[in-house]
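Presented below is the structure to which this report refers.
What follows is calculated from the coordinates using simple rules that are stated; it is not laboratory data. It should be emphasised that the depicted structure is a prediction, and the values quoted were computed from it without experimental measurement. Glycine also receives a Cβ, built like all others from the backbone with ideal geometry; neighbour counts cover every protein chain displayed.
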Ligand SMILES: C[S@@+](CC[C@H](N)C(=O)[O-])C[C@H]1O[C@@H](n2cnc3c(N)ncnc32)[C@H](O)[C@@H]1O
Ligand SMILES: [Zn+2]
């Protein structure tokens, strides 16, 4: 392989190195290092949890077999392992695959071939031959597994791979990973990916294969074949969701990014509805709502195939959302989906919001029935300020993280700090996530509450104390440094604020203003602002929110698109990879499609 290095820049991220040419032919965004690091952290935990689950399943099966054989020998009757117990394993753990084949064989033959060094010279160095490092997967050899009961290393599909950087990092950095398949429908990206695979040497060559394919077609024609599917599209992932949920094995993990935040956060409600099947609302909580709309949409696609999702981590970082969900199959479990979804009523006058679950469970004679929810949960006019409600959703209103997973991911990240280039950022996000109330969808903004009443703000700790002293829970949110999650009902929140205003009076307002209407009522609850939050001197030092590491840390222009002066003024020079085309790009919706 001989490449003229003067055409390329070498970029190193984690343990992977990629060659990038200067013409914006293949997509690369440095800012996505947070996204890639977080995904590696989740992958590592996925591998260890999957092993634990497999062990548990084997020992359960063994116990089941032992019990049966003991019983059988007593009865002198030969029977099979109880079908219910196997079915139970299948449902709770997903199809835990038993290794009958394989793990990708380490390459044995290497020949002399020219590769490029970091210093930028073309040199002779031993790498695999073209035949063995074909990057198309056709020559990947497999050996027989060590026998029954052994778990196959997870197969990963990066459906939208561009340069292959992410796949290369997965292959080189995640211990215990199996084959990584990198797809792209753009030939320049596939060529770049194949070049990068070779450039990364034998481990990359043995594990990563690159295909020129349409992601949807590929995923549909490879049903239940992958343990991990990674979707990292330009803008919305919506067109890939249906095929992605089908191509995952039971218990597999879908990792999915959406960068169309303007759509998901209410800029274009009808576009969001057409793409995701939900209406967004423009509240302070809109970024968390974006996560929940994406989760609801994935669940809806999964349900069509008797499958359902279990979210393990859902984060909003920088300019996008990214969710990590496991996919299982169970016709019984999907009946519970309506219990996990809610409409949101947002008052147009004040900051009150209320959730309306779509379904409810009804127990009778030891059996559970699933029925449509009771409603409406709100009157026509807001009982706090008298204004109308805007309806949003349906959103995923069940937990968006599994806190046990979050703790493992965070512990793992902390134990290998040096292996995450974006350690500071991802550990801050994970810390904030680990402190969120898991069962409280969306959040309040203290600033907004005060803006409605036109009052000065209590300190965050004073407000939190009043909520706790009233007998409710309260936490922060990773999405917004000033957001507060609480299970206190809105009338309690307003009573706390009414009590605050009694000692911090406001100027008289027009009587029809939401704030005036709220303050005209006497509080039922007497708020107690006495300190109830633990002294946070030590804990406070843990960083939860970080500014962007550098200027123009954001979306990048789609690869292959002509860069114009308009792009530079909107996104900044760094964001357009330093390229400027002479003609202006006249495509209508160009900026909305960029990430
Ligand atoms: C945002 S980039 C992916 C970035 C990459 N995951 C990373 O971490 O650097 C999206 C890629 O998806 C590819 N793509 C878009 N539509 C596709 C489709 N239908 N099938 C396969 N690839 C597609 C584009 O060519 C582009 O390279
Ligand atoms: Zn209201």
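Some notes on this structure:
- As a rough guide to protection, the peptides 10-19, 441-450 ranked by mean Cβ packing within 10 Å, highest first, stand as 441-450, 10-19.
- Taking other Cβ atoms within 10 Å as a rough exposure proxy, 156, 312 sort from fewest to most as 312, 156.
- Computed lengthening from residue 368 to residue 403, 0.36 nm per intervening residue step minus Cα-Cα distance: 9.9 nm
- Taking only the Cα atoms of the stretch 286-406, the ratio Rg/Rh comes out at 1.02, with Rh defined as the Kirkwood radius.
- Label point distance in nm, residue 30-residue 454, each placed 7 Å from Cα along Cα→Cβ: 4.8
- Computed lengthening from residue 491 to residue 516, 0.36 nm per intervening residue step minus Cα-Cα distance: 7.5 nm
- Backbone N within the stretch 185-222 under 16 Å of label point (7 Å from residue 7 Cα along the Cβ vector): 187-199
- Residues 545, 389, arranged from fewest to most other Cβ atoms within 10 angstrom of their Cβ, appear as 545, 389.
- Approximating the spin labels as points 7 Å out from Cα along Cα→Cβ, the residue 15-to-residue 212 distance works out to 3.1 nm.
- Cβ crowding within 10 Å, taken as a proxy for footprinting-reagent exposure, orders 324, 374, 240 from fewest neighbours to most as 374, 240, 324.
- Protection proxy ranking of 273-286, 47-60, 478-491, by the mean of other Cβ atoms within 10 Å over each peptide's residues and highest first, is 273-286, 478-491, 47-60.
- Each of residue 273 and residue 531 was given a label point 7 Å from its Cα along the Cα-to-Cβ line. The distance between the two points is 5.1 nm.
- Kirkwood's formula applied to the C-alpha pairs of the stretch 443-541 gives a hydrodynamic radius of 14.0 angstrom.
- Ordering of 411-417, 163-169, 227-233 by packing [mean C-beta count within 10 Å, highest first]: 163-169, 227-233, 411-417
- Gain on full extension, evaluated as 0.36 nm per residue between residue 331 and residue 507 minus their Cα-Cα distance, stands at 57.5 nm.
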